[in-house]
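The values are calculated or read from the model by the stated rules, or taken from the named source; none is laboratory data. The structure displayed is predicted, hence computed values, not measured ones. A quick note on method: Cβ atoms are made from the backbone with ideal geometry, for glycine too, and the neighbour counts reach across all protein chains shown.
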Amino acid sequence: MKQIKKYAKQYKGVDMAKLMGANEDIFPFVIEEEKDHFMTMWWNKNGGMMTILDEDSVRSYATAVYLKENAYPVFKDLKEAQEYAADRDWPLNFFVEPIEPDQNA
């Protein structure tokens, strides 16, 4: 991880959301279950939530850091992201199974 963080510095000052193609129809967010363990995803107005698969671990890390530092949504898990989307009537898609609330919580 130390090397990834070092190489990710090359993206300093780059609008990673713009580089990814974010616009009014697709909006990036981060799921960070624990420090340095994250997943970057899209909300697509037509298709709902979709995982962003990036084989470049340096760019992926730089993107997550950028999104976190620039007030994009960050969630602790997929369930929290789904609840946030449902509260705002944002679409969910068939690629992500809805996580039912824990009835025992």
Quiz item: Restricting attention to the range 64-71, does a residue exist that is hydrophobic (A, V, I, L, M, F, W, C), farther than 22 Å from residue 2 by Cβ, modelled with pLDDT of 90 or more and loosely packed, with under 15 Cβ neighbours inside 10 Å?
Solution: yes
Quiz prompt | Scope the range 29-63; condition closer than 18 Å to residue 6 by Cα and not in a loop (DSSP other than H, G, I, E, B); matching residues | solution = 37, 38, 57, 58, 59, 60, 61, 62, 63
Self-check item: Residue tally, condition buried (at least 16 other Cβ atoms within 10 Å of the Cβ) and under 17 Å from residue 79 (Cα atoms), over the range 25-54
Solution: 13
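In the list 41, 49, 16, 20, which residue meets the criterion of being more than 21 Å from residue 91 (Cα to Cα) and of a type in the set (A, V, I, L, M, F, W, C)? Spell out the reasoning first.
Details: 41 fails: more than 21 Å from residue 91 (Cα to Cα); 49 fails: more than 21 Å from residue 91 (Cα to Cα); 20 fails: more than 21 Å from residue 91 (Cα to Cα).
Every option except 16 fails the conditions.
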Exercise. Output the number of the condition that residue 104 fails; it satisfies all remaining conditions of (1) at pLDDT below 90; (2) in a loop (DSSP other than H, G, I, E, B); (3) touching a strand residue (DSSP E or B) at 6+ places or on another chain (Cβ under 9 Å).
Key: (3)
